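Have a look at the structure below before the remarks.
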């Protein structure tokens, strides 16, 4: 089955219903009837261009609804789709064609196809069957690029079967509260695994997929007018949502379920979401490579620092040492995952595949512990480990410590070389009020060993994060030049 077939089925079953809503200029709302006609019309434009079955086609179109319609049409034609954005100068894989609305291609491609929003117009006749390739369940339909927070992005290829399998477990993993929601707002882009999966999930069910508007007021009105039931996002996105909801104290939230993934949901943010937006908050730990691996209600794990959730059905998680030997319960080591919902490597990158996929296990590069009851605690990332002249520490541990200091809203640390070439800790903090460096010094010195005391503190407006809300550590060194030193 082609993953577009169930969407077209819903289009025929409930043509007037809203399919996708983006409260912004352009195509702001599309019904299932119009979505069906758009897919068929775009297929008729693309088919004569000779796009081959299983060719990799990137889409760079800012208008979200047009982007979605193009992507679904390409998948229906048997292509493997990839969403890219302006500013992405390269791709880890060969791109056969780029469909874009700009004359300046964003990534190198074998050919560039200029798209026009008028493609969605027409009589909406389906493409004749003999023009549509036969879809096999293990054909690839989507490529997701990993964030590349630590190194270069890698390509994760998703088949029709795997995407369907991942979505089929939503009720089991997320529970009936989210399973009963059909109007879903997602603030992570469709270029991400979570964003694309929840888009297709909503459309498969005949629901409505909502995406952020160009301003808060538009988005707020959509929440109320369309009775949005579920919010899906990352910690960074929910921080903004909490601020938005708090700016309208008279607004009574009708949200029924919230899912937060992509990074650790802090206790402070969890409490704010549950008190202002929705009491039913689900926190999850997953990856593009292995899908959702651990999950919990936020209130269950609020008192356990760095807990991310309980291991989900169909997934096995082990904590191992550097030799690959399984460690006892609650002993810290490297996390490895075996999952029915995982891929077995990176597309076109055997070297990276052999490093992360070994003997049926996926190694995400995270460090943590596992309790007997299946609760996973993630204490940091192996590759982001700070090596300070031989002394090593997870930066996440330092960041968690800093965020517990009164007044600190967000924090990040990085190792920068001193005059002797040895790395020292430099800390970046976000706060609305001035923070005396001597108090931060005393706070850290009372809680961590001398080797890990921050050499310098900087006050910054925000911490750079990727689209999933994780700290973008490659961009931290430049903050040392841009941030305001608190003096040490």
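General remarks:
- Among 49, 456, a tally of other beta-carbon atoms within 10 Å of each Cβ gives an order, fewest to most, of 49, 456.
- With R₀ set to 35 Å, the beta-carbon distance separating residue 358 from residue 474 gives a calculated FRET efficiency near 0.85.
- Axis angle, to the nearest 10 degrees, between helix 216-225 and the longest C-alpha principal axis of the chain: 60 degrees.
- Cα long-axis angle, helix 32-46 against the chain (0 to 90 degrees, to the nearest 10): 80 degrees
- Value of Rg to Rh for the range 67-120, rounded to two decimals, is 0.93; Kirkwood radius and Rg both from alpha-carbon coordinates.
- Chain lengthening between residue 243 and residue 9 when straightened (0.36 nm per residue, less Cα-Cα): 80.4 nm
- For the range 395-488, the Cα gyration tensor yields ellipsoid semi-axes of 18, 17, 13 Å (square root of five times each eigenvalue, largest first, whole Å).
- FRET efficiency for the residue 332 to residue 205 pair, using the beta carbon distance and R₀ = 30 Å, is estimated at 0.15.
- The modelled label-to-label distance between residue 216 and residue 116, using points 7 Å beyond Cα along the C-beta direction, is 4.0 nm.
- Least to most buried among 448, 27, 304 (fewest other Cβ within 10 Å first): 304, 448, 27
- Here the contact order of the chain, divided by its residue count and restricted to Cα pairs under 8 Å and six or more residues apart, works out to 10 percent.
- Spin-label model distance (nm) - residue 450 vs residue 485, 7 Å beyond Cα toward Cβ: 2.3 nm
- Rg and Dmax [Cα atoms of the chain; Å; Rg one decimal, Dmax integer]: 23.2, 74
- Distance between the modelled labels on residue 442 and residue 226, one decimal in nanometres: 5.2 nm (7 Å Cα→Cβ projection).
- Those residues of the range 80-115 whose amide nitrogen sits under 16 Å from the label point placed on residue 52, 7 Å along Cα→Cβ: 80-81, 94-98, 109-112
- Relative contact order (%) - the range 341-447, alpha-carbon pairs under 8 angstrom, separation at least six: 14 percent
- The calculated 222 nm mean residue ellipticity attributable to helices in the chain amounts to -8000 deg cm²/dmol, summing -39500 (n - 2.57) over DSSP H runs of n ≥ 4 and dividing by all residues.
- Cα-based Kirkwood hydrodynamic radius, the range 204-252, one decimal, Å: 11.9 Å
- When the alpha carbon gyration tensor of the range 96-227 is reduced to an equivalent ellipsoid, the three semi-axes, largest first, read 27, 22, 20 Å.
- Orientation-averaged projection of the range 1-78 equals 5.3 nm² [convex hull of Cα atoms, one quarter of hull surface area].
- Fewest-first sequence of 194, 112, 315 by Cβ atoms within 10 Å of each Cβ: 112, 315, 194
- Kirkwood hydrodynamic radius of the range 1-141, Cα pairs, Å: 15.4 Å
- Relative to the dominant Cα principal axis of the chain, helix 193-204 is inclined by about 40°.
- Calculated FRET efficiency for the pair residue 86/residue 300, C-beta based, R₀ 56 Å, to 0.05: 0.85
Where a number appears in this text, it was derived from the coordinates with a stated rule and is not lab data. Keep in mind that this is a model prediction, so the values were computed, not measured. In this analysis, Cβ positions are derived from the backbone assuming ideal geometry, glycine residues included, and neighbour counts consider all displayed protein chains.
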